1. Given a 1.4 Å probe, how much area per residue of the chain is accessible, in Å²?
2. For the chain, find the longest principal axis of its Cα atoms and tell me its angle to the long axis of helix 17-31, 0 to 90°, nearest 10.
3. Between Leu332 and Asp112, what FRET efficiency follows from the Cβ-Cβ distance if R0 is 45 Å, with the result rounded to 0.05?
4. Identify which of Tyr51, Tyr182, Tyr312 has the largest mean-square fluctuation in a Gaussian network model of the chain, with springs joining Cα atoms closer than 10 Å.
5. Using 7 Å Cα-to-Cβ label points, what is the Leu343/Glu18 separation (nm, one decimal)?
6. Place +1 on the Cβ of every Lys and Arg and -1 on the Cβ of every Asp and Glu in segment 98-204, take the dipole about the Cα centre, and give the residue among Pro200, Leu145, Tyr182 whose Cα lies farthest towards its positive end.
7. Carbon and sulfur atoms: what percent of the 1.4 Å accessible area of the chain do they account for?
8. Within segment 89-128, which residues have the backbone N less than 17 Å from the label spot 7 Å out from Val421 along Cα→beta-carbon, could you tell me?
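The values are calculated or read from the model by the stated rules, or taken from the named source; none is laboratory data. Predicted model, so just to flag it, every value in this text is computed and none were measured. All Cβ positions, even for glycine, are placed from backbone atoms using ideal geometry, and neighbour counts span all protein chains on display. In case anyone asks, the SASA skips ligands and DNA or RNA and just uses the protein heavy atoms, side chains included. Shrake-Rupley method; radii C 1.70, N 1.55, O 1.52, S 1.80 Å.
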Amino acid sequence: MRKAVIFDLDGTLTRSEEGIWNCVRHAADRMGFPQPDADTLRKFVGPPLMYSFQTYMGMSEEQARAAVTAYRERYTRVGLFENRVYPGIRRLLRTLRREGWYIGIATGKPQDSSERIIEHFGLARYFDRIVGPDGVTNRSEKDWLIRHALPECYDEAWMVGDRCFDIEGGRSVGIHTVGVGYGYGSEEELRAAGCEAWVPTVDALIELLCPGAERPRGAFLSIEGLDGSGKSTQIGLLTDALDRWGFEVVHSREPGGCPIAEKIRSVILDTENVGMTAETEALLYAASRAQHVRQVIRPVIASGRVLLCDRYVDSSVAYQGGGRQLGVERVLDINAPAVDGTLPLATVYLDITHQESLRRRLAASAPDRIELEGDSFHARVEQAYRELIARDPGRFVVVDATRTPEEIGQAAAAEVIRRLVKEEEHG
Ligand code: TYD
């Protein structure tokens, strides 16, 4: 049975308001019109621009035409990429593909812009056809677009959209229609347009189209570095970048990440435990990791989301193997049953020297027991990290962490996203 689904783009697959609003503001400026308020801006997402400039901003047809030109000029340069993929959409597309669906897009956004957005976010391989106004015929009626986005033959077809235009278009073509509640149209608008089903979330949409489907695998990422390397800032920036791409990020940390492991964490980091031997420390880290891997990391990966962990087994190798001088091999051996083959797809290493780490630690307040270690300890930690990176260069994403946080963030995100998209291609 050949199943087909046609998606609207703005408000259904991607959240494009940032770019759209910036471009409407730009067009209003160019046309000498007052800046539209938030309510007016919101209405611009979805309907054809000519219609919106005339209806919502009171422009004449001629003014609207000039406004559209000003809008497009900025849009094709920058506005296009001021965009976000809704969380869960990547998982939806992977699930549909796996179940053999034909997938198309019917959008009021010009065809070439739509293709560039889909390409930009590494989603092109999911779509059989993308149809938007092509600049020649310039047809933008939704039913025409949907008809052209559909395959020649199908047994069952759905139109998925967030505005009444999508539902009306789907109905006039004679296919099933579903309205989505996370976009720009209200439930009331979609129901009044006669949608056959309405879903509040992407998860509900997956359940409607592919009931009971097995979830595609998510991914595991970790971030490492000497104390003071700026992990917290970079976790925030990386999360934002991944979120923009529609990856569903879950945070965790080691030692800790779940109640039992957090209890072990407090024992390890307690400044009163001065008598703790290096072996005890290494085994406690491994014990907390064994719990965390099974209770958090693996379930998150199985749920199709991306687990981003603040430190993982590399920290043990660096701090206990290098810093405490237990040796790299010994610490890897201790951790083998804890990790049990669960290794990150990518590990971001924030690269600073131990001298820089010391300088930054001295500037910070209330160091914990491990941070209180002398500089030779951190020199050995740095050395062990370097050894790990040399052993497994394919897993590490090494970034120079002495640059500005934004530069570091961009470098790390670009490479991590490249790997995540590549991983998706394998199923
Ligand atoms: P963390 O919570 O990352 O502290 P910070 O945010 O200050 O970097 O880690 C706490 C300390 O635990 C840190 O100094 C590194 C150390 N550590 C190990 O020694 N071995 C390990 O296996 C892990 C995960 C952390």
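1. The answer is 43 Å² per residue.
2. Helix 17-31 sits roughly 50 degrees off the main axis of the chain.
3. E(calc), rounded to 0.05, equals 0.30.
4. Maximum fluctuation in the GNM of the chain, among the listed residues, is at Tyr51.
5. Between Leu343 and Glu18, the label points sit 3.4 nm apart.
6. Leu145
7. Taking all protein chains in place, the chain shows 51 percent carbon and sulfur surface.
8. 89-91, 93-94, 113-128
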